[in-house]
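*Asks:* First, the structure itself, so that you have it in front of you.
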Amino acid sequence: MMTASQYEESLRKLNLVVYMFGKRIDDPVDHPIIRPSMNAVAKTYAMAQHPECADIMTAVSHISGRRINRFTHIHQSRDDLIKKTKMGRLMGAHTGCCFQRCVGMDALNALSIVTYDMDQRHGSSYYQRFLKYLAFVQEHDLTCDGAMTDPKGDRSLPPHQQPDPDMYLHVVTEREEGIVVRGAKAHQTGAVNSHEVIVMPTIAMRKADEEYAVAFALPSDAQGITYIMGRQSCDTRKMEAHALDTGNAAFGGHEALIVFDDVLVPWERVFMYKEYEFAGALVEKFAAYHRQSYACKVGVGDVLIGAAQTIAEYNGAQNASHIKDKLIEMNHLNETLYCGSLSCASEGHQEPSGTYCVNTLLANVAKQNVTRFPYEIARLAQDIAGGLMVTLPSASDLKSPEIGRWVEKYFKGRAGVSTEKRFRILRLIENLTLGTAAVGYLTESMHGAGSPQAQRIMIARQVNMKEKQRLAKKLCGIDENI
Ligand code: SF4
Ligand code: FE
């Protein structure tokens with residue numbers, strides 16, 4: 001397994017084409033806006049080195065028998081699925097943001113199921129190809145970006161009817177050595193911090209869309225790939241003089257648009273091509289896994305609840321009954337999210353390939369709660385924090401030789417707590433509910449791993465309504481024999 005610093009060095013060796021603010025970024029690792037997101041992924045390597053975290057952060061590879069980082073593992077039991085949930089919470093709590101590495105893990109696990117199923121139907125050899133690729137990822141302890149979401153253009157039209165055929169990533173030509181692909185993937189979490197990009201289709205497809213039914217993996221710096229970094233709320237705070245203004249100077253997340261401009265994918269890295277009838281299954285498996293992964297928000301919730309309790313204490317308000325009750329509500333909501341992720345793991349099952357998969361219905365219910373509860377937890381944190389969170393002057397004012405004494409004096413809370421400590425905790429709450437971390441804690445909770453309606457469709461599909469009706473009809477005597 002790589003250490004955090006080996007991971008950082010490995011990123012420096014990549015030749016990524018990254019743009020931000022209209023300019024090419026030569027060294028993404030050291031860019032002040034990107035660097036905290038790299039730190040968050042590096043933490044997945046660092047935590048795996050701690051002996052006390054080994055049970056959660058590492059696993060034994062079912063192909064090599066060697067100890068590997070759990071982010072590269074294929075789940076072999078329900079216990080593995082449960083540990084994945086615990087790992088998400090642990091990592092969220094230690095970074096206070098999106099640590100980006102789950103998408104690749106979820107893509108690998110989804111492919112381990114679907115490539116096997118395709119081979120059973122078609123007699124192809126995708127699964128062996130995939131296992132070879134998996135061995136490479138595990139051996140080198142790589143971070144993979146799981147790239148699913150296409151730009152989608154006109155949402156009412158399937159891929160092959162789009163006025164612009166590139167709105168869904170597709171194969172433009174076949175060559176002896178592989179396929180050439182064109183298109184883009186949007187909202188790509190941690191893309192610039194990844195060694196590999198694993199591309200999957202984004203929707204179920206029909207025969208007419210078979211050129212779009214494609215899954216593959218590429219090195220992240222393959223010829224023809226360009227990254228265009230997304231803005232985040234308050235992102236330029238990271239470039240200011242005082243880290244104090246950021247709330248969480250060490251860690252952050254990022255998303256990027258990845259453009260594939262006629263990129264060659266060698267055959268040994270193609271995991272689906274034209275098997276359109278399996279595109280939907282791949283989407284569903286990946287989505288179920290990734291909806292479980294939102295246990296990360298429970299860990300971030302832990303940080304926010306801790307911050308809310310702290311500011312209440314700094315304000316001298318911690319004994320007010322309504323404050324106590326709000327904190328109980330925050331914990332109740334946060335632990336309910338944890339229950340959801342744990343339950344879909346403990347109700348997991350084994351797929352024909354041997355991989356364990358979460359319970360799809362419960363994973364969708366869990367993620368549906370994630371689209372709501374962090375907003376309420378954030379609302380309560382803002383309620384407890386007070387308006388100062390958004391009216392506080394800058395750290396430069398606090399440190400100013402002219403006016404610093406007034407900032408120090410008038411922003412002090414309870415005796416014994418420095419004004420700077422109050423600044424720090426308020427900025428953290430601002431970061432988590434309005435700033436860069438809110439991108440992950442709030443909007444990503446809404447739309448990441450599929451927007452709320454996607455889960456509602458799956459819930460409608462997965463519940464056994466007939467059985468519920470049978471029970472009701474039997475009890476009230478409509479039909480006692482059913
Ligand atoms: Fe992982 Fe959560 Fe970030 Fe998704 S949002 S990549 S599950 S940390
Ligand atoms: Fe996400």
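*Asks:* Can you give the Kirkwood hydrodynamic radius of the chain from its Cα pairs, in Å with one decimal?
*Replies:* Roughly 23.6 Å, rounded to one decimal.
*Asks:* Here is a further query. By per-residue mean of other Cβ atoms within 10 Å, what is the highest-first order of 77-89, 182-194?
*Replies:* Those peptides, ordered most packed to least, come out 182-194, 77-89.
*Asks:* Using the Cα centre of the chain as origin and beta-carbon charges of +1 (Lys, Arg) and -1 (Asp, Glu), tell me which of I403, G88, Q455 is placed farthest towards the positive end of the dipole.
*Replies:* The one lying farthest along the dipole's positive direction is I403.
*Asks:* Here's another thing I want to ask about it. For a Förster distance of 56 Å, can you work out the FRET efficiency between the beta-carbons of K399 and F136, rounded to the nearest 0.05? Can you show the working numbers first?
*Replies:* Values: r = 50 Å, r/R0 = 0.89.
Computed FRET efficiency for K399 and F136: 0.65.
*Asks:* What 222 nm value per residue comes from the helices of the chain, counting each DSSP H run with n ≥ 4 as -39,500 (n - 2.57) and dividing by all residues, nearest 500 deg cm²/dmol?
*Replies:* Calculated at 222 nm, the ellipticity per residue is -14500 deg cm²/dmol.
*Asks:* So what's the Cα pair-distance distribution over segment 291-467, bin width 10 Å, in %?
*Replies:* Result returned by the calculation: 10, 31, 27, 17, 10, 5, 1, 0.
*Asks:* Would you count, across segment 4-276, every pair of lysines whose alpha carbons are under 24 angstrom apart, provided the pair is eight or more residues apart or spans two chains?
*Replies:* Close lysine pairs under the 24 Å cut-off: 18.
*Asks:* Over segment 291-467, what is the mean sequence separation of C-alpha contacts under 8 Å (at least six apart), divided by residue count, expressed as relative contact order in percent?
*Replies:* Dividing the mean separation by the residue count of segment 291-467 yields 29 percent.
*Asks:* Further question on the same structure: Explain nothing, just compute: Karplus ³J(HN,Hα) = 6.51 cos²θ - 1.76 cosθ + 1.60, θ = phi - 60°, for every residue of segment 252-269 in order, whole Hz, x for Gly and Pro.
*Replies:* x, x, 7, 10, 9, 8, 9, 9, 10, 9, 6, 9, 7, 10, x, 3, 5, 10
*Asks:* Quick one: which residues, 5+ away or cross-chain, put their amide H under 5 Å from the amide H of H75? H built at 1.01 Å from N.
*Replies:* Sorted by chain and number, the residues that satisfy this are Y356.
*Asks:* For the chain, what is the accessible area per residue in Å², given a 1.4 Å probe and the full set of protein chains?
*Replies:* With the other protein chains kept in place, the chain gives 42 Å² per residue.
*Asks:* What's the carbon and sulfur percent of segment 436-482's accessible surface, probe 1.4 angstrom, rounded to a whole number?
*Replies:* So the carbon and sulfur contribution to the accessible surface is 57 percent.
*Asks:* Then there's this: Using only alpha carbon pairs under 8 Å that are at least six residues apart, calculate the relative contact order of segment 80-202 and give it in whole percent.
*Replies:* In percent, rounded to a whole number, it is 27.
*Asks:* What shape does segment 4-276 take by its C-alpha gyration tensor, where a ≥ b ≥ c are the square roots of the eigenvalues and a/c under 1.5 counts as rounded, a/b above b/c as prolate, and the rest as oblate? Write out the running numbers ahead of the final one.
*Replies:* Working: a/c = 1.90, a/b = 1.20, b/c = 1.58.
Judged from the Cα gyration tensor, segment 4-276 comes out oblate (a/c at least 1.5, b/c at or above a/b).
*Asks:* What is the Rg over Rh value, at two decimals, for segment 177-216, using alpha-carbon atoms and the Kirkwood definition of Rh? Intermediate values should be presented prior to the final figure.
*Replies:* Details: Rg = 12.0 Å, Rh = 12.1 Å.
In segment 177-216, Rg relative to Rh is 1.00.
*Asks:* In addition: Mind checking the full-extension length gain between A93 and D55? Use 0.36 nm per residue of separation minus the Cα-Cα distance, one decimal, nm. Numbers along the way, then the final one.
*Replies:* On the way: separation 38, 0.36 × 38 = 13.68 nm, distance 1.71 nm.
That works out to 12.0 nm of additional length.
*Asks:* Over the chain, calculate the relative contact order: mean separation of alpha carbon pairs under 8 Å at least 6 apart, over the residue count, as a percent.
*Replies:* Here the relative contact order equals 18 percent.
*Asks:* Could you give the length gained on full extension between E268 and N319, defined as 0.36 nm per residue of separation minus the Cα-Cα distance, in nm?
*Replies:* Between E268 and N319, full extension yields an extra 12.1 nm.
The values are calculated or read from the model by the stated rules, or taken from the named source; none is laboratory data. In this text the structure is predicted, and so the values were computed from the model without any measurement. Using ideal geometry, Cβ is built from the backbone for each residue, glycine included, and neighbour counts are taken over all protein chains shown. Accessible surface areas use protein heavy atoms only, side chains included; no ligands, DNA or RNA. Shrake-Rupley method; radii C 1.70, N 1.55, O 1.52, S 1.80 Å.
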